[in-house]
Amino acid sequence: MKKVPGSSLVEVVVAMVIFVLILSLSLTIIVRLSISGNTVKKLRCDMLVADYAFRTKLEKRFLDEHIQIEAIMLSKRVSNFQKELLLLEISAITPEGDTLTNYKELIYEPN
């Protein structure tokens, strides 16, 4: 009888271990990529909120307001903090009611 070349049990186990390691690394990368999509949305909201705060200070429009930009609701609240200080608070809220980002800044506004 002729001996047929094949692989031993040790070789099969080594191949399976390598396969499992590659699979676990690729799953880690896929999970991180799927989470980063949320990060991009939050970064976009941070930029919208910073721009809205800049325009508020530039125009000196210190009023409570709500504006809709794309699918994000920006909620601005201005309150007296101390004698010539105002507290500017801006929140970015999704249609589901989740808060994506908050912004707070003290503004010196002499009377």
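The values are calculated or read from the model by the stated rules, or taken from the named source; none is laboratory data. All figures in this text were calculated on a predicted structure; none of them were measured in a lab. Cβ coordinates were reconstructed from backbone atoms using ideal geometry, including for glycine residues, and neighbour counts include every protein chain displayed.
Just to check your reading of the model, which residue among Val40, Val20 is within 13 Å of the chain's Cα centre (by Cα) and among the β-branched types (Val, Ile, Thr)?
Exactly one of Val40, Val20 is within 13 Å of the chain's Cα centre (by Cα) and among the β-branched types (Val, Ile, Thr), namely Val40.
Residues in region 52-111 that are of a type in the set (Ser, Thr, Tyr), out of contact with any helix residue (DSSP H, G or I) (no Cβ under 6 Å at 6 or more places or on another chain) and within 25 Å of Thr39 (Cα to Cα): how many?
5
Quickly run through region 54-81 and pick out the residues that are surrounded by 11 or more Cβ atoms within 10 Å (Cβ to Cβ) and either among the aromatic types (Phe, Trp, Tyr) or touching a residue at least 40 places away in the same chain (Cβ under 8 Å) (or both).
Passing the criteria: Lys57, Phe62, Phe81.
Are any of the residues in region 40-53 of a type in the set (Lys, Arg), surrounded by 11 or more Cβ atoms within 10 Å (Cβ to Cβ), within 30 Å of Glu109 (Cα to Cα) and at pLDDT 90 or above?
No, every residue in region 40-53 fails to be of a type in the set (Lys, Arg), surrounded by 11 or more Cβ atoms within 10 Å (Cβ to Cβ), within 30 Å of Glu109 (Cα to Cα) and at pLDDT 90 or above.
Is it true that Glu105 is touching a residue at least 40 places away in the same chain (Cβ under 8 Å) and of a type outside the set (A, V, I, L, M)?
Yes: the conditions hold for Glu105.
Taking only region 82-92 into account, find how many residues are in a strand (DSSP E or B) and exposed (fewer than 14 other Cβ atoms within 10 Å of the Cβ).
Total satisfying the criteria: 2.
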